[in-house]
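Peer 1: One structure, as structure tokens, below. Some questions next.
The values are calculated or read from the model by the stated rules, or taken from the named source; none is laboratory data. These numbers come from a predicted model, not from an experiment. Here the Cβ positions follow ideal geometry from the backbone for every residue, glycine too, while neighbour counts run over all protein chains shown.
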Amino acid sequence: MVRAVFFDIDGTLVSFRTHVISDASIRCLDRLRAQGIRVFIASGRHKVFMDNLKDYPFDGYICMNGSLVYADGRLLYSNPMDMEEAGLLARLLDDGGVSCVAYSESRVSMTAMDAKAMHVLESLSISPVPPVSMAEAAEEPLYQYTPVLDDETFGRLLAPYMKKTVATRWHPDFVDIVPSGSSKAEGIRQIAGYYGIGMEDTVAFGDGGNDIPMLEAVGTGVAMGNAADEVKAHADYVTSSVDDEGVAAALRHLGLL
């Protein structure tokens with residue numbers, strides 16, 4: 001019996017074309033909750049940037065790929081970066097002039113926002129904030145770096161120095177760097193344990209590479225039709241695209257609508 005459903009945001013609940021959750025998806029969420037099924041967000045975004053969900057009252061939020069998890073309006077789980085490694089990566093990012101966003105629990109910092117980085121922010125409907133160096137940002141506990149760079153540059157500039165952090169990518173223009181042990185799957189396990197829900201009674205929807213761990217961990221993993229083939233290969237069911245209301249189609253297929 002399904003007791004909880006977890007949704008990625010970008011490319012899953014929210015189209016890259018409209019930048020906002022659809023009314024049809026809102027109706028789906030309402031119908032799930034009417035059945036006593038809890039609904040959660042599982043995203044690479046910081047909670048402050050979850051402003052494209054029409055203030056829907058989700059039961060909880062898995063933020064920054066599982067580094068911060070909230071439920072019942074409070075912080076449930078926290079896994080910050082190792083401070084020494086975060087400082088080293090900050091110096092490498094600053095020295096390399098890499099556009100990057102850094103996230104603490106309460107603050108978002110940006111640096112070296114070039115034209116490509118600004119285009120990425122615009123494509124995600126995220127507003128820039130006053131710039132600071134990554135070294136300054138790393139003076140407090142951080143939960144994620146999101147540098148704007150391709151795989152080759154990442155592999156050369158940062159990867160050799162990442163011993164206590166891992167990288168996950170859901171967009172070709174940037175990568176998310178999070179503490180080892182953080183993933184959307186771990187976030188789901190934290191929430192499931194808190195509510196006493198078996199993993200076999202959970203469903204997750206996603207479209208990006210960072211969604212693969214949770215698609216494998218839940219009882220039923222659903223990949224959006226717009227997902228890459230690699231993501232679809234790890235799903236139990238592939239639905240239609242976000243622009244074709246794939247969430248609603250999958251929920252009907254699963255007998256939840």
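Peer 1: Got a sec? Which of 90, 86, 102, 42 is in contact with a Lys or Arg (Cβ under 6 Å, 6 or more places away or on another chain), of a type outside the set (Ser, Thr, Tyr) and under 20 Å from residue 180 (Cβ atoms)?
Peer 2: Details: 90 fails: in contact with a Lys or Arg (Cβ under 6 Å, 6 or more places away or on another chain); 86 fails: in contact with a Lys or Arg (Cβ under 6 Å, 6 or more places away or on another chain); 102 fails: in contact with a Lys or Arg (Cβ under 6 Å, 6 or more places away or on another chain).
Exactly one of 90, 86, 102, 42 is in contact with a Lys or Arg (Cβ under 6 Å, 6 or more places away or on another chain), of a type outside the set (Ser, Thr, Tyr) and under 20 Å from residue 180 (Cβ atoms), namely 42.
Peer 1: What tally of residues in region 22-40 results from selecting those that are outside any helix (DSSP H, G or I) and crowded, with 23+ Cβ neighbours inside 10 Å?
Peer 2: Result for region 22-40: 1.
Peer 1: Take the residues in region 9-21 that are closer than 21 Å to residue 257 by Cα, of a type in the set (A, V, I, L, M, F, W, C) and within 15 Å of the chain's Cα centre (by Cα); name whichever of them is surrounded by the fewest Cβ atoms within 10 Å (Cβ to Cβ).
Peer 2: The selected residue is 9.
Peer 1: In addition: Can you tell me which of 89, 93, 53, 32 is within 19 Å of the chain's Cα centre (by Cα) and not aromatic (Phe, Trp, Tyr)?
Peer 2: After ruling out the rest, the residue left standing is 53.
Peer 1: Would you mind telling me which numbered condition in (1) surrounded by fewer than 23 Cβ atoms within 10 Å (Cβ to Cβ); (2) at pLDDT 95 or above residue 169 fails?
Peer 2: With respect to (1) surrounded by fewer than 23 Cβ atoms within 10 Å (Cβ to Cβ); (2) at pLDDT 95 or above, residue 169 is out only on (2).
Peer 1: Could you please find all residues in region 68-78 being in contact with a Phe, Trp or Tyr (Cβ under 9 Å, 6 or more places away or on another chain) and either at positive phi or at pLDDT below 95 (or both)?
Peer 2: The one that is in contact with a Phe, Trp or Tyr (Cβ under 9 Å, 6 or more places away or on another chain) and either at positive phi or at pLDDT below 95 (or both): 72.
Peer 1: Need at least 3 residues that are more than 19 Å from residue 170 (Cα to Cα) per element, so show me which helices (runs of 4 or more DSSP H) inside region 193-257 make the cut, counting only ones lying wholly within it. Break it down into steps so the answer makes sense when it comes.
Peer 2: Working: elements: 212-217, 229-232, 246-253.
Hits in region 193-257: 246-253.
Peer 1: Condition (residue is within 19 Å of residue 9 (Cα to Cα), among the β-branched types (Val, Ile, Thr) and in the same structural domain as residue 163 (by TED's automatic domain parsing)) applied to region 127-137: is it met by at least one residue?
Peer 2: No: region 127-137 contains no residue that is within 19 Å of residue 9 (Cα to Cα), among the β-branched types (Val, Ile, Thr) and in the same structural domain as residue 163 (by TED's automatic domain parsing).
Peer 1: I need a count of the residues in region 199-237 that are in contact (Cβ under 8 Å) with a residue 60 or more places away in the chain, of a type outside the set (A, V, I, L, M, F, W, C) and in contact with a Leu (Cβ under 8 Å, 6 or more places away or on another chain).
Peer 2: 2
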